[in-house]
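Colleague: Please find one structure pasted underneath; my questions will follow.
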Amino acid sequence: MAKSLRRKLRQITRTGILSAEERTRRILDERTRRLAERREDATRPGEENRSVLVCKAGQEHFGIPLDEVAEVLPFQTCLPVPGGPAALAGLLGRNGQLLSIIDLGLALGIASAPDEEDGRHLVLLRRFSPKIALRVDRVQAVEAVAPLAHEEGRSFRKEAVSGYAEIRSDIADRERILSLLDMDRLLHPFLQSLPAFGV
């Protein structure tokens, strides 16, 4: 009985002496637990990160699903198509195939940024018939993004925009919110007219 009381007194004494250290340890443990919960939240089903190719059209940033992208090329002058849709920049021959070049900004009703004229890129899509490349003002990077929650049935500014997302990497001086593009919706208005041009 006396031994157990002495043991309890020693424990109380130790707790009193180490209380500041114990509190610090508990605070650090709590912060660690909260950070781990954040990481788990970021990878929950339905909210998992997606990889997208971040492109700029005008002053806006868009994410093209990475599995839709075959290749990124420097912009090349293409042959205009008389009577074609305004967003159809033209045709370009590459590796024995004819590519239809669609201007992403014009397809979305966005004017190109004047300072991006020399730095444009072509984003070749993984489509076999017809072969299509998007002309963008600039390709910036491949990024992991987390879709932002939105209300069901909410309408977006553009029909081709399927939602919005936040870039996960912490890169300074870069826009962190972008619009996610639905390629089928974006290309649908053009697919009917492209075969008429022999593509």
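Colleague: Give the long-range amide H neighbours of HIS61: residues separated by 5 or more places, or on another chain, with amide H under 5 Å away, using H modelled in the peptide plane at 1.01 Å from N.
Modeller: SER179
Colleague: Okay, next question. Once amide H atoms are placed 1.01 Å from N in the peptide plane, what residues at a sequence separation of 5 or more from TYR164, or on another chain, have their amide H within under 5 Å of its amide H?
Modeller: LEU148, LEU180
Colleague: Could you give the nm distance between label points at VAL72 and THR32, where each point is 7 Å from its Cα heading toward the beta carbon?
Modeller: So the label points at VAL72 and THR32 sit 3.8 nm apart.
Colleague: Further question on the same structure: Among CYS78, CYS55, which comes first, second and so on when ranked by fewest other beta-carbon atoms within 10 Å?
Modeller: By the 10 Å Cβ count, ascending: CYS78, CYS55.
Colleague: Starting from the amide H of ILE132, placed 1.01 Å from N in the peptide plane, find each other amide H under 5 Å away whose residue is 5 or more places distant or on another chain.
Modeller: Amide H neighbours of ILE132: SER100, LEU125, ARG127.
Colleague: Would you mind ranking LYS56, LYS158 by Cβ crowding within 10 Å, fewest neighbours first?
Modeller: Ordered by Cβ neighbours within 10 Å, fewest first: LYS158, LYS56.
Since every read-out is calculated from the coordinates, none of them should be taken as a lab result. All figures in this text were calculated on a predicted structure; none of them were measured in a lab. Every residue, glycine among them, receives a Cβ derived from its backbone with ideal geometry; neighbour counts consider all protein chains shown.
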